[in-house]
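The structure appears below as structure tokens.
The values are calculated or read from the model by the stated rules, or taken from the named source; none is laboratory data. All of these numbers come straight from a predicted model, not from anything done at the bench. Using ideal geometry, Cβ is built from the backbone for each residue, glycine included, and neighbour counts are taken over all protein chains shown.
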Amino acid sequence: MVKRNFGTVTYPLSGGSQSKPLVITNARVIDPAQGIDGKYNIVLDGGIVKSITEETPPGCNGGADIIDASGLWAVPGLVDMHVHLREPGREDKETIATGTCAAAAGGFTAVACMPNTNPVLDEEAKIRYVIQRGEDCPCRIYPVGAITKALEGEELAPVGEMVKAGAAAVSDDGKTVAKSNVMRNALNYSKSFDIPVICHCEDAALCAKGHMNEGLVSTKLGVRGIPVISEDIIVSRDILLAEYTGARIHIAHVSTAGSVRLIREAKSRGVKVTAETCPHYFTLTDEDVGMYDTNKKMNPPLRTAVDRDAVIAGLADGTIDVIASDHAPHVSEEKDVEFDTAAFGVVGLETSLGVVLTVLVSRGLLTPSQMVERMSAAPNRILGLPGGSLKTGSPADVTIIDPSVKWTVDPAAFFSKSRNSPFIGMGLEGAAAVTILGGRVVYRRG
């Protein structure tokens, strides 16, 4: 059992699923996959959802554990489909154990972890290693395999073997597959396994040596910029390649108005494209870098208010399918340095839900149902996972949300090893109250 100021994560998960039924009563159940939004009771038993009912379920008189969720929301377990757990290779930044504890505390019952570890997740044995390391963790782990060997952009990794071992997708995240012929081959190959290719979109030549968004703010600060066109060009290329091959692509961490427009247009033509963005891109802008705040340095960088508003519009109309954290932990030695030499990346597993509730839901920019779609149903659907709904027979993975709890982001309370949050000191409203995995409570706030 791991304790922090704001809650407790049960770890490791020895013993499997709950030994007796768990009943969640009086909850506002929000399940867009079933069109449900109302007051219900949920019965979990044997690791699956047994029923959702308006009536008091049998077993509430002593035969089951009860969670009274009056005033709370119960939703299908949240999924973060873009995280960096750093293991193997950089366990000083994060481990599978600490990262999954952070995920559970953030309300996530599953994460997809990126392959840019050391060594790179580019073969069957490495995929199996991550899965085995995650077997007793408080959330499910779905590794993403590399597109190319060692992320070098030259030779395709053994995609079939990695998928067989449990990889849910492939990506060279952190790098763009620069050669269009290699990307085309990867897309053609991915169709055989019906998996998405997750695209990191940046033209390396255009953004070389850049550290923040290219514009007025970067000019004032004297920092070399990364232009929006560096993202837009590769988004356009990968959409065209997906259209040509008929393969599925997923555009990672969308940050520009141009990317949103290109994805919207591609969807209207029937291209098999999905996309994600991150809380920092719909909350902050390049002006928030202030006096060289390295906790607001990430790749792609914070953009302008015009880009932020376009990202929000894309989330609202479904152009952007998913909200993911791009959780990228770093040790203090990589962040407490000059802006130009600081590492790119921010942590987000423990703040994502609170930021979404505060910035989008409370302001009416997303409905609660749309939030659940973006943070549970859509990532499950894109990755072909069994969750995303509370229908009978589904995995008993549930996130219980307190939409009214007020709290302030304090990295000292994080379960993550790293503290590089862009939201330090931000007041938030709403958080995970209880996280349930396989019918077992793995996190309880307070």
Lone unmet requirement of (1) among the charged types (D, E, K, R); (2) surrounded by 23 or more Cβ atoms within 10 Å (Cβ to Cβ); (3) touching a helix residue (DSSP H, G or I) at 6+ places or on another chain (Cβ under 7 Å) for Lys175: (2)
Hits in the stretch 139-166 - residues which are of a type in the set (A, V, I, L, M), assigned to a strand (DSSP E or B) and farther than 25 Å from Leu349 by Cα: Leu156
Qualifying residue in the stretch 335-353 (condition: within 15 Å of His253 (Cβ to Cβ), assigned to a helix (DSSP H, G or I) and either at pLDDT below 95 or of a type outside the set (Asp, Glu) (or both)): yes
Among the candidates Gly354, Gly345, Gly387, Gly314, residue that is in contact with a His (Cβ under 7 Å, 6 or more places away or on another chain) and in contact (Cβ under 8 Å) with a residue 12 or more places away in the chain: Gly345
Residue tally, condition under 16 Å from Ala313 (Cα atoms) and not aliphatic (A, V, I, L, M), over the stretch 243-267: 9
Residue tally, condition closer than 18 Å to Tyr443 by Cα and of a type outside the set (A, V, I, L, M, F, W, C), over the stretch 385-403: 5
Elements of type helices (runs of 4 or more DSSP H) contained in the stretch 228-290, each with 2 or more residues being among the hydrophobic types (A, V, I, L, M, F, W, C), in contact with a helix residue (DSSP H, G or I) (Cβ under 8 Å, 6 or more places away or on another chain) and surrounded by fewer than 22 Cβ atoms within 10 Å (Cβ to Cβ): 228-245
Residues satisfying the stated conditions in the stretch 296-334, i.e. under 22 Å from Gly77 (Cα atoms) and in a helix (DSSP H, G or I): Leu315, Ala316
Failed item in (1) surrounded by fewer than 24 Cβ atoms within 10 Å (Cβ to Cβ); (2) touching a residue at least 40 places away in the same chain (Cβ under 8 Å); (3) assigned by TED's automatic domain parsing to the domain that holds Val405, with Ala69 passing the rest: (1)
First in the stretch 216-228 and over 21 Å from Ser259 (Cβ atoms) and in the same structural domain as Met291 (by TED's automatic domain parsing), second anywhere and outside any loop (DSSP other than H, G, I, E, B) and at pLDDT 95 or above, Cβ under 6 Å, 6 or more apart: Val223/Met212
Selection within the stretch 52-70 - modelled with pLDDT under 95 and not β-branched (Val, Ile, Thr): Glu54, Glu55, Pro57, Pro58, Gly59, Cys60, Asn61, Gly62, Gly63, Ala64, Asp65
Condition broken by Pro115, with the remaining ones in (1) more than 13 Å from the chain's Cα centre (by Cα); (2) part of a helix (DSSP H, G or I) satisfied: (2)
